[in-house]
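J.: Structure below; questions to follow.
The values are calculated or read from the model by the stated rules, or taken from the named source; none is laboratory data. Keep in mind that what you see is a predicted model, and the values were worked out from it rather than measured. Note that we place each Cβ from the backbone using ideal geometry, even for glycine, and neighbour counts take in every protein chain shown.
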Amino acid sequence: MGAAAVVIGTPLLIASLTRADRDQAGSAWEDERQRFAAHLHDSVLQTLALVQRQAHDPAAVARLARRQEHALRAWMAGEADLLSETLGAALRDVVAEVEDEQRITIELSIIGDRPIDPAGEALAAAAREALRNAARHAAGAAVFVFAEIGPRGVEVFVRDEGPGFVFADVPSERRGLRDAVIGRMAAVGGSAAIESAPDEGTEVALRLRRTGAGR
Amino acid sequence: MSGLRLVVVDDHHLFRAGVRSELAAHVEIVGEAAAPAEAIAVIISAAPDVVLLDVHLPDGGGVAVLRALADAGLDPVPRVLVLSVSDAAEDVVPMIRAGALGYVTKTIDTAELVGAIERVAAGDAYFSPRLAAFVLQAFTAPDAPVAAAEDELESLTPREREVLHHLARGYAYKRIGARLGISARTVESHVGAVLRKLQLTSRHEVSHWAASRGLIGDAGDGGEEGAT
């Protein structure tokens with residue numbers, strides 16, 4: 001129900017937010033946004049058509065609605081990932097991808113942004129692994145991502161409210177978390193810390209100190 | 001059933017019907033409205049514990065409802081939880097500054113929503129992770145050289161920042177309390193303090209969001225382009 005209302009409500013939101021967006025943009029950027037808006041309208045109509053045809057499959061409808069919601073929110077926030085050239089956009093992509101793939105809902109909050117660089121790409125990849133891990137081991141539990149992208153560095157928290165675990169007992173197949181998350185971050189001079197306890201959920205904190213590319 | 005009485009204000013009939021069926025087992029819905037004037041009449045006559053209020057409404061939007069309620073001098077003052085599809089700062093912040101106690105997005109699940117309603121009914125603030133992140137951002141951004149340090153409304157205490165940071169990461173009050181070594185009640189009072197600062201601060205980042213919705217500074221015509 002909530003999902004259906006989201007789709008129905010969007011034209012109103014587009015209308016009400018364009019004005020604020022206009023104020024803060026150069027005209028090349030504005031052209032790009034217009035193009036993106038046209039693409040978005042098209043994709044909303046397609047989604048609505050698909051929703052009607054798949055009305056018998058609630059899971060498919062929810063997924064379609066969710067994907068469309070992501071695209072609209074990114075655009076409305078004026079952060080349209082036209083080319084995914086910022087770290088924030090890359091994180092949004094990762095969240096949308098894992099939501100689709102694992103059929104879960106992730107609550108994402110981002111403050112600040114900076115251009116993407118190799119360290120940022122590694123961080124986004126590490127976040128993807130941490131999210132997949134959360135989806136696998138905390139099925140049905142709430143999953144949150146909070147990213148703070150600032151001049152002094154980047155911190156990204158991936159948290160689930162699943163059963164949690166004792167780190168020493170991690171079964172070997174879960175070592176993937178170590179390589180894919182801790183290894184990736186270490187390779188670009190960052191760090192990853194995993195905090196978990198039975199019944200307390202799990203939180204993976206990914207950190208990058210300021211690098212040459214970030215400001 | 002918590003016995004709480006609720007009014008739902010939203011211009012989408014389908015959405016109101018959805019909320020009604022979703023919440024039927026938990027609260028009593030004593031009124032519905034689709035526009036500000038109607039909402040105010042319903043709220044005054046039904047005297048609900050909590051009003052669930054949408055941002056985007058015709059004739060001035062949710063902000064118009066909040067203003068009219070503030071002017072109506074009701075006792076007790078109706079407590080408002082904002083429920084909207086938008087999670088843009090320009091929508092969220094003006095609603096809080098106009099007097100709402102909390103803000104959640106429409107994708108929230110039923111249990112969370114009921115929890116938020118109960119919190120607001122008790123007179124406490126409810127910050128979704130996203131709202132907590134906005135507030136952190138607003139109070140972190142380098143402000144124009146205000147006489148800021150002088151005025152405690154212009155900045156958050158380290159403890160308040162810590163609490164907000166945990167909220168943005170999705171921690172519940174009880175967990176935050178356990179992690180910081182304080183009671184859940186103390187966590188609540190920190191959030192309440194942040195809410196008041198958000199309402200009263202003159203920080204540029206916050207006023208800017210508010211002005212973008214015609215809440216302050218602007219011509220004061222309600223400034224909403226909600227009619228579709």
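J.: List pairs: first in the stretch A:196-213 and on the phi > 0 side of the Ramachandran plot, second modelled with pLDDT of 85 or more, Cβ under 6 Å, 6+ apart or cross-chain?
T.: So the pair list comes out as A:201/A:160; A:201/A:161; A:201/A:162.
J.: Please work out which residue is nearest to the chain's Cα centre (by Cα), limiting yourself to the stretch A:132-161 and to residues that are part of a helix (DSSP H, G or I) and away from chain B (no Cβ under 13 Å).
T.: Among residues in the stretch A:132-161 that are part of a helix (DSSP H, G or I) and away from chain B (no Cβ under 13 Å), the one nearest to the chain's Cα centre (by Cα) is A:132.
J.: Okay, next question. Any chance you could count how many residues in the stretch A:184-213 are part of a loop (DSSP other than H, G, I, E, B) and among the hydrophobic types (A, V, I, L, M, F, W, C)?
T.: Total satisfying the criteria: 3.
J.: Could we say that residue A:117 is more than 14 Å from chain B (Cβ to nearest Cβ) and either within 24 Å of residue B:128 (Cα to Cα) or of a type in the set (Phe, Trp, Tyr) (or both) here?
T.: No; evaluated as a whole, the condition is false for this residue.
J.: In addition: Working carefully through the options A:119, A:90, find the one that is touching a residue at least 60 places away in the same chain (Cβ under 8 Å) and either outside any helix (DSSP H, G or I) or assigned by TED's automatic domain parsing to the domain that holds residue A:178 (or both).
T.: A:119
J.: Working only within the stretch B:167-195, note down all residues that are within 15 Å of residue B:132 (Cβ to Cβ), assigned to a helix (DSSP H, G or I), within 19 Å of the chain's Cα centre (by Cα) and of a type outside the set (A, V, I, L, M).
T.: Listed by number, the residues that qualify are B:173, B:188, B:190, B:192.
J.: Tell me which residues, restricted to the stretch B:1-22, are among the charged types (D, E, K, R) and facing another protein chain (nearest Cβ under 8 Å).
T.: If the condition is that a residue be among the charged types (D, E, K, R) and facing another protein chain (nearest Cβ under 8 Å), then B:22 is the only one that fits.
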